[in-house]
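Have a look at the structure below, then the notes.
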Amino acid sequence: MAPKLRILIVDANQVRAAIIEEGLREAGYEQLIRISATTGLVAAIEAHDPDVVVIDLEDPSRDALADMFLVSQHVRRPITMFVDQSDSASIEAAIEAGVSAYIVDGLKKERMQAILQTCISRFNAFRKLREELDEARSQLEERKTIDQAKRIVMRLKGLSEDEAYALMRRTAMNEKRKLVDIARSLITAAEMLK
Amino acid sequence: MTTLHLRAGFMPLVDCALLVLAKDEGFAEAEGLHLELVREVSWSNLRDKLNVRLFDAAHMLGPAAIAATLGIGGVKAPMAAPIALNRDGAAITLSLRRFEDLARLAEGDLADPGVSARALAAMVARRKASGLPPLTFAAVFGFSAHIYLLGEWLAKGGLKLGEDVRFEVVPPPQTVEALASGRVDGFCAGAPWNSAAVAAGVGAMVLASVDLRRNCHDKVLAWRADDVQRRPAAVAKLGAAILKASAWACKPENFTRMAEHLSAPDRLALPAPLIERILHGELIQGAGRPPRPVERFIRFDREALRPDPDDADWVLAGMEQAGQLFATPQMREIARGVFLPDAFEGIASTDLRTPKN
């Protein structure tokens, strides 16, 4: 094993950066540096002298990185984006996951592929986590909205909880709308008629 | 007519105007397009997302389209440009302190690029003699008209970018901050970022790109090269919308509205008056100087939108000068092939036949 590589992780999102770091550590890489600076990336590279740079696509300093190889004498080693032209699926997977990797001074493709795969899966895992959290949050919000609308129907129509719910469901099915939309309209209407 | 959904990415610059107008003034819709615009944070992202088809088309630096097509800079992503989005519109700005130095060392009228470049050479020599760190200049991308323009200006003073002065890439929206923090001493970028640096009180404009070169190649509407073949209807419709936007954008009475569209939070997110002045060709200069009127500072007219293979020759010369490649005849052919004047003529002739209503 040769994981003596120094990997620089550039990500303003602390949580995601930690997840990536953990993933790479599990894969046997020990020399990991995390920075969140969107400015001064060039200086950071000069200071840390990494072999590999992994960067979040939302970081604007990505363009600075992409062009460091053109800078003649001020950067010690050339740096290029890692792209395996023979593997278009992995190019797509990286861009869709939102991560990009750069190699400093010609690293072996096979070793790089493993690092990139780890980062892609960690980026995706992080996104899934966030989506699940968002979904849980919005489900909770929807339930609150429906409950609130149900109470309005109960009060105005003198119905029981089950009856009020059944009426809202029937209306939603009838109008081919989502239950939560019906609930929102009810709440808006009730606000207006207050 | 069925609606075609297209997604296009852009960077926050005045030269993304025709895409913004195609959407905001309804020209795309009139062509049966549902145009979705996505602001990006880097040119690399635009290139890569176009390549994996997260975008159908992109606001792109012509030289970046050539570099991606040739596969230099690590990524091979063949692109083609059936229409350009502007010509000209860039400028070079220095930090206030460096501008003061420049003014002190200038022998002659600073408005002359030769005079300012020689003054810069004198500054570089003095700094070297007194052991000060080299100056750092920024351009918006490694493959851009801006880096080649910067190179042309420096050459007038006998200086070479990357040797006599350090070079860094700073994306347009970060230029003002980079100048303010002292990370860079100067930059070359498209509008409105020079004006933004002057307005922020951190920079002084030295010259406009038109002082070095008129009708300078800049941004194009890039598609994946294979999509130009496979999706002619989409290419033609978006091209026609851009042409209508161009006619609209050339009328001074529309400048206020145009500036308002561009100033929106999901576009440039800058004050509309700052942008409107630029459209009128009135450039604020800073360092106590009055605004400078520049005729045809940025071009959006129909003639400016014709993609010209000869521009590829200028780009490759710039790339060679910057040490980015050594161009072979085969590379020249491929680079020229990125710009599609015939496709433009096709779009333009259809557009002329369309009754204006």
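FYI, it's all coordinate maths here, none of it is from the lab. No experiment lies behind these values; they were computed from the predicted model shown. Cβ sites come from the backbone with ideal geometry, for glycine too, and all protein chains shown count toward neighbours.
I'd like the chymotrypsin sites (Phe, Trp or Tyr not before Pro) in the stretch B:308-353 restricted to DSSP loop residues with at most 12 other Cβ atoms within 10 Å, sorted by number.
Within the stretch B:308-353, the qualifying chymotrypsin sites (Phe, Trp or Tyr not before Pro) (loop, at most 12 other Cβ atoms within 10 Å) are B:F326.
So, with +1 on the Cβ of K and R and -1 on the Cβ of D and E, and no other charges, what is the size of the charge dipole of the stretch B:267-340 about its Cα centre, to the nearest 20 debye?
That gives a dipole near 340 debye.
Just how far, in whole angstrom, is the stretch B:241-302 from the stretch B:126-147 if you go by their alpha carbon centroids?
A separation of 29 Å, based on Cα centres.
Using 1/(1 + (r/R0)^6) with R0 = 35 angstrom and r between the beta carbons of A:L133 and A:E96, what's the FRET efficiency to the nearest 0.05?
Efficiency at R0 = 35 Å is approximately 0.95.
Using each residue's phi in the stretch B:327-337, evaluate 6.51 cos²θ - 1.76 cosθ + 1.60 at θ = phi - 60° and report the 3J(HN,Hα) Karplus result to the nearest Hz, with x for Gly and Pro.
Here the 3J(HN,Hα) series is 7, 8, x, 5, 4, 4, 4, 4, 5, 4, x Hz.
Any idea what angle helix B:309-321 forms with the longest principal axis of chain B, computed on alpha-carbon atoms, 0 to 90 degrees, nearest 10?
30 degrees
Hey, with R₀ at 51 Å, roughly what FRET efficiency would A:D49 and A:R177 work out to, going by the Cβ-Cβ distance, to 0.05?
0.30
Please tell me which of these pairs span more than 18 angstrom C-alpha to C-alpha: A:K144/A:K194; B:K160/B:K219; B:K76/B:K160; B:K23/B:K244; A:K4/B:K76; A:K144/A:K178?
From the list (A:K144/A:K194; B:K160/B:K219; B:K76/B:K160; B:K23/B:K244; A:K4/B:K76; A:K144/A:K178), the Cα-Cα distance tops 18 Å for A:K144/A:K194; B:K160/B:K219; B:K76/B:K160; A:K4/B:K76.
Multiplying the sequence separation of B:D310 and B:S349 by 0.36 nm and subtracting their Cα-Cα distance, what value in nm do you get?
Contour length minus Cα-Cα distance gives 11.8 nm.
Whose amide H sits under 5 Å from the amide H of B:M79, counting only residues 5 or more places off or on another chain, with H placed in the peptide plane?
B:T69, B:A225
Counting only DSSP beta bridges with both residues in the protein assembly as shown, tell me the antiparallel percent, nearest 5.
The answer is about 55 percent antiparallel.
Ignoring trypsin sites (Lys or Arg not before Pro) that are buried or in helix or strand per DSSP, and keeping those with at most 13 other beta carbon atoms within 10 Å, what is the longest stretch of chain B between them?
Here the longest run is B:54-213.
What angle do you read, to the nearest 10 degrees and between 0 and 90, between the alpha-carbon axis of helix B:232-249 and the longest principal axis of chain B?
It works out to around 60 degrees.
Would you mind checking the tilt of helix B:341-353 against the longest principal axis of the Cα atoms of chain B, expressed as 0 to 90 degrees and rounded to 10?
It is inclined by approximately 60 degrees.
What value, in deg cm²/dmol to 500, does the helix sum -39500 (n - 2.57) over DSSP H runs of n ≥ 4 give at 222 nm once divided by the residues of chain B?
After summing the helix terms and dividing by residue count, I get -13000 deg cm²/dmol.
Only sites in a loop by DSSP and with at most 11 other Cβ atoms within 10 Å count here; which trypsin sites (Lys or Arg not before Pro) in the stretch A:1-36 make the cut?
Listed in order of number, the matching sites are A:K4.
Tally the DSSP beta bridges in chain A and give the antiparallel ones as a percent, rounded to 5.
45 percent
Give the calculated FRET efficiency between B:A247 and B:V38 to the nearest 0.05, with a Förster radius of 22 Å applied to their Cβ-Cβ distance.
0.30
Along the charge dipole of the stretch B:178-295, which of B:P290, B:L270, B:N254 sits closest to the positive end, that is, farthest toward it, with unit charges on the beta carbon of Lys, Arg, Asp and Glu (+1, +1, -1, -1)?
Towards the positive end, the residue furthest out is B:N254.
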